[in-house]
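Below: one structure, written as C-alpha cells.
The values are calculated or read from the model by the stated rules, or taken from the named source; none is laboratory data. In this text the structure is predicted, and so the values were computed from the model without any measurement. Neighbour counts are summed over all protein chains in view; Cβ atoms, including those assigned to glycine, are modelled from backbone coordinates with ideal geometry. Calculation scope for accessible area: heavy atoms of the full protein, side chains included, ligands and nucleic acids excluded. Shrake-Rupley method; radii C 1.70, N 1.55, O 1.52, S 1.80 Å.
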Amino acid sequence: MSPTVKMKLLAASLLVLLLAAFAQQTGASAALVARVALGVAAAGGLGVWMLRARGRSGSGRPFQLPPRLSVAARTGLSPRCGVALVEADGGRYLVAYGDGFAQLLSGLPSRPPVQARSGRRPPVRRVSRKGGRS
C-alpha cells in the first residue's frame with residue numbers, strides 16, 4: 001500500500017513530537033537530538049538508494065530463469081486465422097489457431113539446424129552475350 005500525503009504528514013508530526021519528548025527526557029539539547037536523527041535518516045536513505053541502484057544494474061541482479069512459455073514467431077493466414085511458433089519448457093510447437101479452434105503440432109526440433117559457412121564464395125558461372133557459357 002502506498003502511503004498518502006496525509007499519512008506522511010502524520011508520521012512526520014509524530015516523529016517531531018517523539019524527538020521533543022526524547023530530548024526533554026534525557027536532558028539533551030533538542031537541536032542535538034534533531035541533528036542526530038536527521039543524520040541517521042540521511043544515512044538510511046543513502047543506503048536504500050544505493051541498494052536500489054545496485055538492483056537496477058546487471059551485476060547485483062539475482063539469477064532469473066528463462067520464461068517457460070514464449071511466442072517465438074506469429075503470422076496471420078487470414079483475418080481470423082493464424083499460425084504461431086511457441087516455445088514451452090524447452091520444446092517447440094506449431095500452433096494453428098482461429099475463431100473457435102486451435103490445433104497443436106509437436107515434434108519440431110528444439111533449435112533450427114545451423115548451416116556451416118565456408119570462407120570462400122561459390123563459383124559464379126558467366127554467360128556471354130552470344131548465349132554460350134564462358
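Could you give every pair whose Cβ atoms fall below 7 Å, whose first residue belongs to the range 22-36 and is more than 18 Å from Ala12 (Cβ to Cβ), and whose second residue is open to solvent by 70 Å² or more (accessible area, probe 1.4 Å) and hydrophobic (A, V, I, L, M, F, W, C), counting only separations of at least 6 or pairs across chains?
none
Which residue is nearest to Val40 (Cα to Cα), if the candidates are limited to the range 1-13 and must be assigned to a helix (DSSP H, G or I) and open to solvent by less than 100 Å² (accessible area, probe 1.4 Å)?
Looking at residues that are assigned to a helix (DSSP H, G or I) and open to solvent by less than 100 Å² (accessible area, probe 1.4 Å), I get Ala12.
May I ask you to say which residue of Leu38, Leu51, Leu46 is modelled with pLDDT of 80 or more, open to solvent by less than 100 Å² (accessible area, probe 1.4 Å), more than 30 Å from Gly98 (Cα to Cα) and among the aliphatic types (A, V, I, L, M)?
The unique qualifying residue is Leu46.
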